[in-house]
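Rule-based calculations on the coordinates, nothing more; no lab input. For clarity, every value in this text was computed on a predicted model and none was experimentally measured. Note: ideal-geometry Cβ built from the backbone for every residue, glycine included; neighbour counts use all protein chains shown.
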Amino acid sequence: MAVDANVLIFERVREELRLGKTPYAAVEAGYGKATLTILDANITTLIAALVLFQFGTGPIRGFAVTLSIGIASSLFTAITFTRLMFDFYLHQFRPRRLLI
């Protein structure tokens, strides 16, 4: 799921760059457009984990908990942490072009 989120973000940023936006505007728009899709996919997976936890026993419940923790951490890193890294890079180096 984490790889899917980053692929979605990078593809949206590429689309915005192709439209001729500046790197900062492309990252801003890319994250804005991809966030809803990423949240939808992760919330759907969390609902499945909740169902597994509710009706499962033993190892199935453990898997549901592990899945939930993994989804929450990948959601945080995909949306927040990578965005901070992009913002730091864009503000620190001010590139004219963004190669993604």
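Before moving on, here are some points about what is shown:
- Between His91 and Phe63, the contour length at 0.36 nm per residue exceeds the alpha carbon distance by 6.0 nm.
- Applying the Karplus relation 6.51 cos²θ - 1.76 cosθ + 1.60 with θ = phi - 60° to the stretch 17-31 yields 3J(HN,Hα) values of 5, 5, 6, x, 6, 5, x, 5, 5, 5, 5, 4, 5, x, 5 Hz, where x marks Gly and Pro.
- Each residue, Glu11 and Gln54, gets one label point 7 Å from its Cα in the Cβ direction; the gap between the two is 3.1 nm.
- Debye, to nearest 20: dipole size of the stretch 2-93, +1 on Lys, Arg Cβ, -1 on Asp, Glu Cβ: 40
- Over the chain: helical MRE at 222 nm, DSSP H runs n ≥ 4 each giving -39500 (n - 2.57), nearest 500: -27500 deg cm²/dmol
- For the chain, the convex hull spanned by the alpha carbon atoms encloses 75 Å³ per residue.
- Both radii were evaluated on the Cα set of the stretch 41-97; the Rg over Rh quotient, with Rh as the Kirkwood radius, amounts to 1.30.
- Under the criterion of Cα pairs below 8 Å and six or more residues apart, the relative contact order for the chain equals 35 percent.
- Summing charges over neighbours of Pro23, with a neighbour being any other residue whose Cβ is under 10 Å away from its Cβ, gives +2 when K and R count +1 and D and E count -1.
- Across Ile71, Ile38, Ile60, mean-square fluctuation computed from a Gaussian network of the chain (C-alpha pairs under 10 Å connected) peaks at Ile60.
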